[in-house]
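**Q** A single structure is presented below for examination.
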Amino acid sequence: MSHEAAAHQGHHPALAHHFDSLAQQTEATTLGMWVFLVTEVLFFGGLFATYMIYRSWYPDAFAVASHELDVVLGTTNTVVLITSSLTMALAVHAAQLGQRKLLMTFLILTMILGGVFLGIKSVEYYHKFVEHHIPGPGFQFEKEYFRHAQIFFSLYFVMTGLHAIHMIIGIGIMLVMLWWSWNGTITAEYSSPIEISGLYWHFVDIVWIFLFPLLYLIGRHAH
Amino acid sequence: MSSHILPKRVYYTIFAILLFCTYLTVQIAFFDLGALNTVAALAIATFKATIVVLFFMHVKYSTRLTWAVVLGSVFWLGILLALTMSDYLTRVWRTYG
């Protein structure tokens, strides 16, 4: 740590030597996280582009296949995920104020809600398995849409699967954050790890905000 | 700067709006609006994403550089989707030539 910086900051243990101040360090980490999220937007963007192309080609097959998804479970999961975003935002708020117990409570709540989401998701996957809606040799669907419904379900599993992997990674990050909150690494002055973990969590929520209507709610009025 | 600490009521308000929008998007899906069904669903989803970014992710109170990066992601996503669809949606035009 440079002596000048140390004089300014009073030797904060979390201040890396190549930054002048904690404020500058926080700004850099926030920006870095956003640059990472841009790559994530385009990562998912490729799948959304694929979805757009196939849906524009086979709108009827997509609507019929979409009806096989459970709107109640999908809506419940949307509410669960939005609620987890609230608890995450409140965790960041508690971190900024240095409220350690509250921070840990909200991190645990966020993880539990993430777990509930994944639990509901696996119930849905199980239903699809039982109904033979997994694309491949065992796939069963009405004859007219047999081929194109498989494209819908392929996209369904890849998009929600990639999203679920992000959720699992998110829960892993929350575990590390919980550890850092418990051992006193996180303080009111050094809350940026919680803040950028929150950015990741909210991003995953945003992906679901788009996945939900595009996968579950196509042509619902028709049946 | 992140030293800007928002009052909790902001988060509760955004949460309530997000829940209401979820209710709205499910309700609208059961009415036949033709092509407008998709437009409405995407408009609501975009609105929800925007308030999450601005308030939950604190971009409203972030530096201009962060704003530029966030808008950049939207811009490049726009290029990806718009240029892709400008190809696929215009392929049928050949039949008129």
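The values are calculated or read from the model by the stated rules, or taken from the named source; none is laboratory data. Not measured: the values here are computed from a predicted model. In this analysis, Cβ positions are derived from the backbone assuming ideal geometry, glycine residues included, and neighbour counts consider all displayed protein chains. Just so you know, the surface numbers come from the protein's heavy atoms only, side chains and all, with ligands and any DNA or RNA stripped out. Shrake-Rupley method; radii C 1.70, N 1.55, O 1.52, S 1.80 Å.
**Q** Sorting A:Lys101, A:Lys143, B:Lys60, B:Lys8 by accessible area (1.4 Å probe), largest first, what list results?
**A** I get A:Lys143, A:Lys101, B:Lys60, B:Lys8, largest accessible area first.
**Q** Ranked from the most accessible area to the least, with a 1.4 Å probe and all protein chains present, what is the order of A:Ile120, A:Ile168, B:Ile17?
**A** The most accessible residue leads, giving A:Ile168, B:Ile17, A:Ile120.
**Q** Right, next: How much area per residue is accessible in the stretch B:1-62 when the probe is 1.4 Å and only protein heavy atoms are counted (Å²)? Can you show the working numbers first?
**A** Values: 3200 Å² over 62 residues.
That works out to 52 Å² for each residue.
**Q** Sticking with this structure for a sec: Using a probe radius of 1.4 Å on heavy atoms only, what accessible surface per residue do you get for chain A? Whole Å² is fine.
**A** Numbers: 9680 Å² over 223 residues.
Per residue, chain A has an accessible area of 43 Å².
**Q** Moving on to the next point. Could you check how much of the accessible area of chain A is carbon and sulfur, as a whole percent, using a 1.4 Å probe?
**A** 67
**Q** Can you list the HN-Hα couplings for the stretch B:48-65, worked out from phi with the Karplus curve (6.51, -1.76, 1.60; θ = phi - 60°), rounded to whole Hz and with x for Gly and Pro?
**A** Along the stretch B:48-65, the couplings run 4, 4, 4, 6, 5, 5, 5, 9, 5, 9, 6, 5, 3, 10, 8, 6, 4, 5 Hz.
**Q** Between A:Ile108 and A:Leu42, how many nm apart are label points set 7 Å from Cα along the C-beta direction?
**A** Modelled inter-label distance: 4.1 nm.
**Q** Ok, one more. Arrange the residues A:Phe152, A:Phe36 by how much accessible surface each exposes, largest first, with a 1.4 angstrom probe.
**A** Reading off the accessible areas and sorting them downward yields A:Phe36, A:Phe152.
**Q** Oh, and also: Keeping all protein chains in the complex and leaving out DNA, RNA and ligands, what accessible area do you get for A:Arg220 with a 1.4 Å probe, in Å² to the nearest 10?
**A** Answer for A:Arg220: close to 30 Å² accessible.
**Q** Starting from the 7 Å offset along Cα-to-Cβ, what nm value, one decimal, do you get for the label separation of A:Ile120 and B:Ile17?
**A** 2.3
**Q** For the residue pair B:His4 and B:Trp93, what label-to-label distance in nm results when each label sits 7 Å from Cα along the Cα-to-beta-carbon direction?
**A** Placing both labels 7 Å along Cα→Cβ, they lie 4.3 nm apart.
**Q** Rounded to whole Hz and in sequence order, give me ³J(HN,Hα) for the stretch A:111-127 from the Karplus expression 6.51 cos²θ - 1.76 cosθ + 1.60, θ = phi - 60°, writing x for Gly and Pro.
**A** In residue order, the calculated couplings are 5, 4, 5, x, x, 4, 4, 5, x, 4, 4, 5, 4, 5, 4, 4, 4 Hz.
**Q** Taking A:Lys143 as the anchor, which aspartates and glutamates have their alpha carbon closer than 19 Å to its alpha carbon, excluding any fewer than eight residues away along the same chain?
**A** A:Asp60, A:Glu68, A:Glu131
**Q** Same structure again: Taking the alpha-carbon centroid of each part, what is the distance from the stretch A:160-178 to the stretch A:15-68 in angstrom?
**A** 15
**Q** Now for a separate question. Name the lysines eligible as straight-distance cross-link partners of B:Lys48: C-alpha to C-alpha under 24 Å, and not fewer than 8 places from it in the same chain.
**A** A:Lys121, B:Lys8, B:Lys60
**Q** Let me ask you something else. How much accessible area does B:Leu42 have with a 1.4 Å probe, in Å² rounded to the nearest 10?
**A** My reading of the accessible area for B:Leu42 is about 60 Å².
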